[in-house]
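The structure appears below as structure tokens.
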Amino acid sequence: MKYIDLRSDTVTRPSEKMREIIASAEVGDDVFGDDPTVNELQEKVARLFGKEASLYVPSGSMGNLVAIKTHTNPGEEAIFEEDCHSLNYEAGSMGAVAGLVSHTFRGNHGVMTREQVEPYIKKKSLHTPPTTLIALENTHNHAGGTIYPLEEIKKLRDMADEHGLKMHLDGARIWNASIATGITLDEYGRYFDSIQCCFSKGLGAPIGSIVIGDGEFIEKARRFRKMFGGGMRQVGILASAAIYALDNNMSRMSEDHENASFLAENLAKIDGIDIDLESVQTNIVIMNIVSSGKAVPDVLSELKDMGMLAVQFGATKIRCVTHLDLDRADIETAIEKFKAVFSS
Ligand SMILES: Cc1ncc(COP(=O)(O)O)c(C=O)c1O
């Protein structure tokens, strides 16, 4: 059965054209720095964000870890939003591998403010783990693909400068934020010491992420990538897909955003489904079904039997994500399937 797969934007498959590009990519040994396609991708992305350099890595999780490990020392403290991906879905790497103490704050739609976090920044002393880094997530996955307001990012940057903190962005879906707001990648790049972005989500490439920063930072990061087993060889075959995705699949993300709004508005009309429409800002829709009295696994199983996939996202919540392998007709069909499940 061909499913309407709304589990994630990571489920997309490379198009025929992308496969052709992959097949004809020029390659070399990237651990020696010899892969021309990887070098082209790294230069292109650094330029897009107005930074000196970037480093191709296998995954977003490795990108966050490499970047944060490069900025910090074990026993230091880093500030994260409570529901961020790095702390909750990356297998504990920030503690287990980077050796960090995490101080978390509850964000509003994933957004922590300067007023909220500044009083808790710790100075170096005999007793305390000094705070040395703040990490943001834009868009924020768990909050529903929400966008970090630029004004808040600027205030946090000022705070970071005043207290000597590094600022990292988990920009797995920064492309979506940029397309939705019109704020350029280069503008976002100005406020962070490092950014991690994924090609394997809304952009539709099969694998790969990238860490962006200044030249010295990236040279240091290269060593940690090697330490974590992320040094790859003729990986231009994958980098070529990322270049193709950047050139062809970014501006069309507005379709995914329109589809997500359409899905959310229609699902919100169904009895038993509650959606915070304010949180639907890009390609993610999170719904709470507690008022229906139904159990999430039962709903997901019924939807699956009807040819539709979504994921559980907390005890009473379901997440749907729109992406380039789904068109408006698929979304209309998905709405009908939800109606059928919730009317029974
Ligand atoms: C916000 C965010 N950051 C990082 C990641 C990690 O990416 P990967 O699955 O490539 O490790 C994800 C994956 O879904 C994510 O949503």
Report summary line: One finds the C-alpha centres of the stretch 200-254 and the stretch 286-344 to be spaced, in Å, by 32
Requested in this report: Please give the FRET efficiency for K226 paired with T128, using the beta carbon to beta carbon distance and R0 = 56 Å, rounded to the nearest 0.05.
Outcome: 0.95
Query - Gap separating the Cα centres of the stretch 46-112 and the stretch 20-43, nearest whole Å - result: 27
Query raised in the report: Extension gain E43-V101, at 0.36 nm per residue separation less the Cα-Cα distance, in nm?
Result: 17.5 nm
Report task. Run the quick spin-label model on K339 and M306: label points 7 Å from Cα toward the beta carbon, then report their separation in nm to one decimal. Result -> 1.0
Query raised in the report: Which entries of K2/K337; K124/K166; K69/K122; K44/K166 show an alpha-carbon separation above 22 angstrom in the structure shown?
Result: K44/K166
Query raised in the report: What's the exposure ranking of I195, I212, I331, going from fewest to most Cβ atoms within 10 Å?
Result: I331, I195, I212
Report task. Pop out the ³J(HN,Hα) list for the stretch 84-97 in order, Karplus 6.51 cos²θ - 1.76 cosθ + 1.60 with θ = phi - 60°, rounded to Hz; leave Gly and Pro as x. Result -> 5, 5, 4, 8, 9, 10, 10, 6, x, 4, 5, x, 5, 9
Query raised in the report: Label E115 and T10 with points 7 Å out from Cα along Cα→Cβ: what is the distance between them in nm?
Result: 3.6
Query raised in the report: What does the charge add up to near D327, with Lys and Arg as +1, Asp and Glu as -1, over the other residues with Cβ less than 12 Å from its Cβ?
Result: -4
Report summary line: Descending packing, highest mean Cβ count within 10 Å first, for 101-112, 287-298, 139-150 is 139-150, 101-112, 287-298
Report summary line: To the nearest 0.05, the calculated FRET efficiency linking Q234 and T316 through their beta-carbon distance, R0 being 56 Å, is 0.75
Query - Modelled FRET efficiency - R0 30 Å, D298 with A329, Cβ distances, 0.05 increments - result: 0.65
Query raised in the report: So what is the relative contact order of the chain, in percent, for Cα pairs below 8 Å that sit 6 or more residues apart?
Result: 25
Report task. Before anything else, pin down the relative contact order of the stretch 252-343: Cα pairs under 8 Å, at least 6 apart, normalised by residue count, whole percent. Result -> 32
**Report entry** Proxy reagent accessibility, fewest Cβ within 10 Å first, across S24, S61
**Finding:** S24, S61
Query raised in the report: DSSP loop trypsin sites (Lys or Arg not before Pro) in the stretch 1-73 with at most 14 other Cβ atoms within 10 Å of their Cβ, which ones?
Result: K2
**Report entry** Loop chymotrypsin sites (Phe, Trp or Tyr not before Pro), the stretch 191-299 (other Cβ atoms within 10 Å of the site Cβ: 15 or fewer; DSSP)
**Finding:** none
Requested in this report: Determine which aspartates and glutamates satisfy two conditions relative to K304: a Cα distance under 12 Å, and not lying fewer than 8 residues away in the same chain.
Outcome: D5
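Coordinate-derived values only; no laboratory data. In this text, all values refer to a predicted model and were calculated from it rather than measured experimentally. In this analysis, Cβ positions are derived from the backbone assuming ideal geometry, glycine residues included, and neighbour counts consider all displayed protein chains.
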